[in-house]
Amino acid sequence: MIITSLLDTDLYKFTMMQVVLHQFPAANVEYRFRCRTPNVNLVPYIEEIRDEVSKLCELRFAEDELDYLRAMRFIKSDFIDFLALFHLNEKYISIEASPKHNGEIEISIQGPWLHTILFEIPVLAIVNEVYFRNTQRDPDYAIGRARLSEKVTLLGARPEFADCKIADYGTRRRFSKRWHEEVILTLMAGIGEQFAGTSNVFYAKKHNLTPLGTMAHEYLQACQALGPRLRDSQTYGFEHWAKEYRGDLGIALSDVYGMKAFLNDFDMYFCKLFDGARHDSGDPFQWGERLLRHYEENRCDPRTKVLVFSDALDIPKVLQLYERFRGRCRLAFGVGTNLTNDLGYSPLQIVIKMVRCNGQPVAKLSDSPGKNMCDDKAYLAYLRQVFGIETNVDDGPA
């Protein structure tokens, strides 16, 4: 059994879920799976994946897990009461071979947002582990350990890197659960205080680490359907987040409509209200420079703000970003696949994205070509028009 605890997911799933409970309890959504890696045949593993998902749906939160969540200052007691009754329901998820007969599988999750939001991360972890335990039956952990040791050495190579801290963001694309934990333990022992924590709530609890995360793309995407006006959906999402958390969890996600549209909405009020912003697509150096200028133009001292970098990072890029921006702002780095799936095998680039909310298409218009995911081209064109986004961006396959 791959997933043995409902805490084995990213913290931002719980923080978003609490907002859904309090502010959007009637919302219905649809998520779709996509494998961006070409020529990967997942069809032979459908039954294994289904079996693991079925076991996932049998899980409930244990009392000590609820107590752990309850101790977080931003988690409300009624949300804990809800989680005490919660379980994932198989009726909301389907896993089938693609009718195109191309080796792809179609995973669709449809139902109340409140009851489906926790599927994404464990299902992706299941697909990864099932795939790799079948295709790499005798993993070369020695290579993985050697590569991980090199990362630890790089982080400690120079005294001026001592304040460069990284966090584990690798749950969804990990090679396996076993390897994920070994990576975390190695980082704890190898870099000490430079290891800031993990997005994974299960391992944060187990190893007394700081759980990290705020919001994900699906939250701001859903606001396209839930807000009063599409053009105001980004500000609507930020305002409702601030209403829920009253100053906690103040990192805004910047790339649902691209950086230009983000900065247009992220005015002086939001600059002062939020602690910082997270980068997840496009050139990180350009993003950081633009954001720092934006803070200055809005009478905010950038040195008081946090820039979180989390897009396809490896340790050399972390150190380059650290050298560029240290002393100019506060910095945080979330490293995912390069930590938890770097054993010499090509990792799967798999995602599960929200594509509809309350029957309406929703979409992300990324600063990175190929990251977008929407099955309604007319809606994408309308979204671009509303937010004044250029049309020369690859949306990827519908």
Inset, instruction - Go through (1) surrounded by 13 or more Cβ atoms within 10 Å (Cβ to Cβ); (2) within 19 Å of Val318 (Cα to Cα); (3) of a type outside the set (D, E, K, R); (4) without any contact (Cβ under 8 Å) to a residue 24 or more places away in the chain and name the single condition His207 misses. - result: (2)
Legend entry - Positions within the stretch 288-327 being small (Gly, Ala, Ser) and either in contact with a strand residue (DSSP E or B) (Cβ under 6 Å, 6 or more places away or on another chain) or in a helix (DSSP H, G or I) (or both), in sequence order: Gly288, Ser310
Inset, instruction - Could you check the stretch 1-78 for helices (runs of 4 or more DSSP H) lying wholly inside it with 1 or more residues that are among the acidic types (Asp, Glu)? - result: 46-56, 63-70
Legend entry - Single unsatisfied condition, Thr214 versus (1) at pLDDT below 95; (2) more than 19 Å from the chain's Cα centre (by Cα); (3) within 28 Å of Arg70 (Cβ to Cβ): (2)
Inset, instruction - Report, by residue number, each residue of the stretch 214-241 that is among the basic types (Lys, Arg) and without any contact (Cβ under 8 Å) to a residue 60 or more places away in the chain. - result: Arg229
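Among the listed residues Leu118, Leu114, which satisfies the condition of being assigned to a helix (DSSP H, G or I), of a type outside the set (Lys, Arg) and surrounded by 15 or more Cβ atoms within 10 Å (Cβ to Cβ)?
On the way: Leu118 fails: assigned to a helix (DSSP H, G or I).
None of the other options fit; the residue is Leu114.
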Inset, instruction - Mind listing whichever residues of the stretch 249-287 are in a strand (DSSP E or B) and either over 22 Å from Asp232 (Cβ atoms) or over 21 Å from the mean Cα position of the chain (by Cα) (or both)? - result: Gly276, His279
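The values are calculated or read from the model by the stated rules, or taken from the named source; none is laboratory data. Treat the numbers as computed from the prediction; the structure is a model and nothing was measured. Neighbour counts run over all protein chains shown; Cβ positions are idealised from the backbone, glycine included.
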